[in-house]
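Input: a single structure, listed below in structure tokens.
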Amino acid sequence: MVRSERSRRRIIALSVPLVGIIALTGCSTDSPDSGAISPATAPVESAFEHVHGLGADPLTGDTYAATHLGVWLIPTGALPDTYLVGAPRADATQPVQIAGRAQDTMAFTVAAPGQLLASGHPDPAEQSNLALPNLGLMSSTDGASSWTTLSLEGVTDFHDLDAVPLNDGSLRVYGYDAAAGAVSVSDDSGLTWSPRAVLALRDLAADPSQTDRLYATTATGVMVSTDAGRTFGPLDGAPALLLVDAVDAASGGGWVGLDPTGGVWRQDGETWTQTGTTGRTPEAFAVVDGPVSWLLVADATGITASDDFGDTWTALVSAAG
């Protein structure tokens, strides 16, 4: 998930491919009926395999893909100035594996400007004496070049994370503990945790304007909690979404989500309207906030961005083959 303070139906290619295949679990390889992607010209040395999360930091201007093989810097230089307004733009022209680290980054969020949070499993090349191969909650303030363990090392493997600021300046961090099948919450920026509802979910997203309000996508529909994850109930009127995120108030507020076919849905009041599609099953999704909201989506064809809620798409990373 992305927070900016928290941060034509054709695909326009920027010629930044991956060598090999981005293997996204459960994703279709069908292309939308929207036109062809231009040929690849800038090869990448290794594929990132599964993409677990996407995010953009409004402080540094960097855009990230959290993957089975570490966190990667994603090129965005060809996007217009409405992307991350006021932030510097990275010089990268192709994806870069940050610091050569290949930890399996199962959960990832830009928790605050300049701060990343993540969880997952150690880099196979790094020696580990953990009781369980779980990284717990980690924090980075140098763009994923290094990580500091905050809590639960050797204990918990979070598969999703989101964070919202509290009035005292700390972060409330929501995490989905995959082994327990339960939501956990921390009100001290990830140092200590309390267990909350047991829920089989695919994605969770916290409301930055109402910190007790938490959305979760499940096999039976979108669920919502108004008591910081203690209980959940159905979100009436919501489509069957796979991934969901909040839209910044500066660009209209509300929520936007992707269904299993790649359909983009936006909430306006109590009504959800389909505003576009990728034509493919999404694997990871984030909203990049600002005066113009940008959507980032990873799927079997790579990573794309949209500034019109899915009506048109720009390819940032294209899968070769």
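The values are calculated or read from the model by the stated rules, or taken from the named source; none is laboratory data. Since the structure is predicted, the reported quantities are computational estimates derived from the model, not experimental observations. Here the Cβ is made from the backbone with ideal geometry for all residues, glycine too, and neighbour counts use every protein chain on show.
Structure data summary
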quantity: Filter result for Asp259 (out of contact with any Cys (no Cβ under 6 Å at 6 or more places or on another chain) and more than 16 Å from Met223 (Cβ to Cβ)); calculated: no
quantity: Qualifying positions in the range 100-133 - surrounded by fewer than 16 Cβ atoms within 10 Å (Cβ to Cβ) and of a type in the set (Gly, Ala, Ser); calculated: Gly100, Gly114, Ala125, Ser128, Ala131
quantity: Every pair of residues 6+ apart whose Cβ atoms lie under 6 Å, when the first sits in the range 193-209 and is under 13 Å from Leu161 (Cα atoms) while the second is in a loop (DSSP other than H, G, I, E, B) and at pLDDT below 95; calculated: Ala205/Met1
quantity: Condition met for Ala298 (in a strand (DSSP E or B), aliphatic (A, V, I, L, M) and either modelled with pLDDT under 95 or within 23 Å of Glu49 (Cβ to Cβ) (or both)); calculated: yes
quantity: Qualifying position, being surrounded by fewer than 17 Cβ atoms within 10 Å (Cβ to Cβ) and among the charged types (D, E, K, R), among Asp245, Asp188; calculated: Asp188
quantity: Counted residues, the range 166-185 - those being surrounded by 16 or more Cβ atoms within 10 Å (Cβ to Cβ) and either polar (S, T, N, Q) or out of contact with any Pro (no Cβ under 9 Å at 6 or more places or on another chain) (or both); calculated: 6
quantity: Flag if Gly143 is more than 16 Å from the chain's Cα centre (by Cα) and under 17 Å from Thr63 (Cα atoms); calculated: no
quantity: Total residues in the range 258-278, condition surrounded by fewer than 20 Cβ atoms within 10 Å (Cβ to Cβ), outside any strand (DSSP E or B) and at pLDDT 95 or above; calculated: 3
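The rows are residues; the columns are (1) touching a strand residue (DSSP E or B) at 6+ places or on another chain (Cβ under 9 Å); (2) not aromatic (Phe, Trp, Tyr).
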{"residue": "Thr277", "(1), (2)": "yes, yes"}
{"residue": "Ala286", "(1), (2)": "yes, yes"}
{"residue": "Val292", "(1), (2)": "no, yes"}
{"residue": "Leu295", "(1), (2)": "yes, yes"}
{"residue": "Ala298", "(1), (2)": "yes, yes"}
{"residue": "Thr301", "(1), (2)": "yes, yes"}
{"residue": "Phe309", "(1), (2)": "yes, no"}
{"residue": "Thr312", "(1), (2)": "yes, yes"}
{"residue": "Leu316", "(1), (2)": "yes, yes"}
